[in-house]
Amino acid sequence: MKQDNNTKMSEKTLDAELVEQAKKGHMPAFEMLVNRYQQRVANVIAKLVKDRSEIEDVAQEVFIKVFRALPRFRGDSSFYTWVYRIAINTAKNHLVAKSRRIQNTQVEYEEAESFSTNEAHRNLDTPDAVYARGELEQVMSKAISQLPEDLKTAIILREVDGLSYEEIAEEMACPIGTVRSRIFRARDAIDQALRPLLDKEHNNQEHVRSI
Amino acid sequence: MSDQSKQNISQLMDGELSRDCSRFLLKRMHHDGDFRQSWNHYHLLRSAVQQDGQAPLMHNLGCRVTQRLQSDSESVRQPAKPGRGWVKAITGSAIAASVALLAVISFNQNNLSSGDADFMVPEYAKTAKQLINPPNAVTARVEQTPRYTRFPDLTPQVQHYIMDKNTQTMVPIYYRVQSIQQSPVQQSIQYQSRRYTDE
């Protein structure tokens with residue numbers, strides 16, 4: 001398909017489209033938005049919340065708040081800038097609440113009493129799920145290290161340094177089409193390596209939910 | 001899913017896909033789980049590369065967040081208690097019936113005679129032409145002052161006429177003779193119009 005620089009949908013426009021769909025109640029659009037910024041939000045939270053086991057919970061709270069505040073988002077700033085502010089505030093509130101919890105042990109009994117109604121969250125911390133997350137990191141790390149050098153360079157320049165395809169093409173002294181292809185092949189290679197593991201984890205989660 | 005489709009997803013997430021293709025692909029992804037799964041896996045690679053040492057690797061957080069939002073919204077929506085529906089239906093019917101009865105009673109109070117129904121219903125002047133040239137039925141011309149707009153017997157057109165012509169002290173309204181003679185409202189109008197005429 002013919003590509004014209006003047007008619008590309010930028011990442012900012014893409015975010016705006018997904019936000020508009022999410023505002024209308026399209027949950028798949030919001031899910032895609034969350035997956036898009038999940039790691040950056042986790043990195044921000046990790047600067048304040050040192051306990052790794054709590055970071056994912058706080059990240060979840062951040063995106064719950066983001067969804068509820070979506071009607072108030074007008075697009076004056078970028079979507080990530082807005083989410084970043086919510087993440088910082090949520091992480092700080094979490095630390096304050098945690099320090100209160102440590103002082104008041106009565107709260108722990110209340111949490112235990114509510115456990116039986118907390119169906120949706122129960123499956124996250126099974127031994128299988130914890131093990132699977134650790135295994136996932138190992139598989140990812142191994143798959144990236146095994147990528148051919150040109151694919152690895154292209155994906156690092158894109159994901160870590162945030163360069164555009166033109167800038168990567170200039171950096172690597174190759175055509176834009178080659179850059180496009182290398183980035184896609186890198187992602188596809190990782191995708192193929194992960195599918196057996198991710199399908200297994202997905203099936204395990206479904207099994208736990210059905211118990 | 002074809003390689004071209006997967007490559008389009010890869011370009012879409014980098015902001016390197018044309019607008020038309022992007023919109024089409026976004027619509028497709030809303031309904032196609034395989035497309036969304038590729039999107040999630042490509043973003044997992046992004047997460048792995050962007051992950052710093054302190055944060056765990058985030059995988060498909062979007063799915064957990066949307067599930068929790070849906071379960072929260074279901075718990076907020078409380079189902080109607082069984083057995084209450086019939087009480088509401090009967091209450092609503094009783095209210096509607098009493099309002100209808102009230103309307104009938106208030107209408108009948110304007111028509112005292114139990115005789116011919118025609119006598120009970122005054123003929124209103126519905127158009128300006130009727131004001132000037134009354135219908136062939138036996139009618140009487142009654143002069144009314146503008147303050148008679150309060151009487152519900154007057155049609156909205158008449159009331160508007162009175163409002164517009166508020167410089168006039170009297171407005172001609174045509175009624176059937178029988179209804180004027182028998183209805184206390186019209187008798188009152190006739191009385192007052194005669195009183196103003198005498199003055």
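List of remarks:
- Looking across the stretch B:16-28, the residues that are within 26 Å of residue A:156 (Cα to Cα) and within 45 Å of the chain's Cα centre (by Cα) come down to B:18, B:19, B:21, B:22, B:25, B:26.
- Note on the stretch A:111-211: enclosed helices (runs of 4 or more DSSP H) holding 2 or more residues that are at pLDDT 80 or above and within 10 Å of chain B (Cβ to nearest Cβ) are A:127-145, A:149-159, A:165-172, A:176-210.
- Just one of the listed residues (A:59, A:29) is within 29 Å of residue B:29 (Cα to Cα), facing chain B (nearest Cβ under 9 Å), in contact with an Asp or Glu (Cβ under 9 Å, 6 or more places away or on another chain) and not in a loop (DSSP other than H, G, I, E, B), and it is A:29.
- Residue match in the stretch A:56-65 (condition: of a type outside the set (A, V, I, L, M, F, W, C), in contact (Cβ under 8 Å) with a residue 12 or more places away in the chain and either more than 23 Å from residue B:69 (Cα to Cα) or buried (at least 23 other Cβ atoms within 10 Å of the Cβ) (or both)): no
Residue-wise test of (1) modelled with pLDDT under 75; (2) not hydrophobic (A, V, I, L, M, F, W, C).
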position	(1), (2)
B:81	yes, yes
B:89	yes, no
B:98	no, yes
B:110	yes, yes
B:114	yes, yes
B:124	yes, yes
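- Evaluation of residue A:51 against the conditions (1) in contact with a helix residue (DSSP H, G or I) (Cβ under 9 Å, 6 or more places away or on another chain); (2) farther than 26 Å from residue B:26 by Cα; (3) facing chain B (nearest Cβ under 9 Å) shows that the sole unmet condition is (3).
- Residue in the stretch A:7-26 that is nearest to the chain's Cα centre (by Cα), counting only those that are outside any helix (DSSP H, G or I) and more than 7 Å from chain B (Cβ to nearest Cβ): A:25
- Residue in the stretch B:40-58 that is among the polar types (S, T, N, Q), closer than 16 Å to residue A:182 by Cα and within 7 Å of chain A (Cβ to nearest Cβ) present: no
- Subset tally (residues that are within 21 Å of residue B:57 (Cα to Cα) and within 13 Å of chain B (Cβ to nearest Cβ)) for the stretch A:66-85: 3
- Boolean, residue A:154 is under 18 Å from residue B:11 (Cα atoms) and touching a Pro at 6+ places or on another chain (Cβ under 7 Å): no
- Residue in the stretch B:71-78 that is at the interface with chain A (Cβ under 7 Å from one of its Cβ atoms) and more than 21 Å from residue A:12 (Cα to Cα) present: yes
The values are calculated or read from the model by the stated rules, or taken from the named source; none is laboratory data. Computed from a predicted model, the values in this text were never measured in an experiment. No Cβ is skipped: glycine too gets one built from the backbone with ideal geometry, and neighbour counts run over all protein chains shown.
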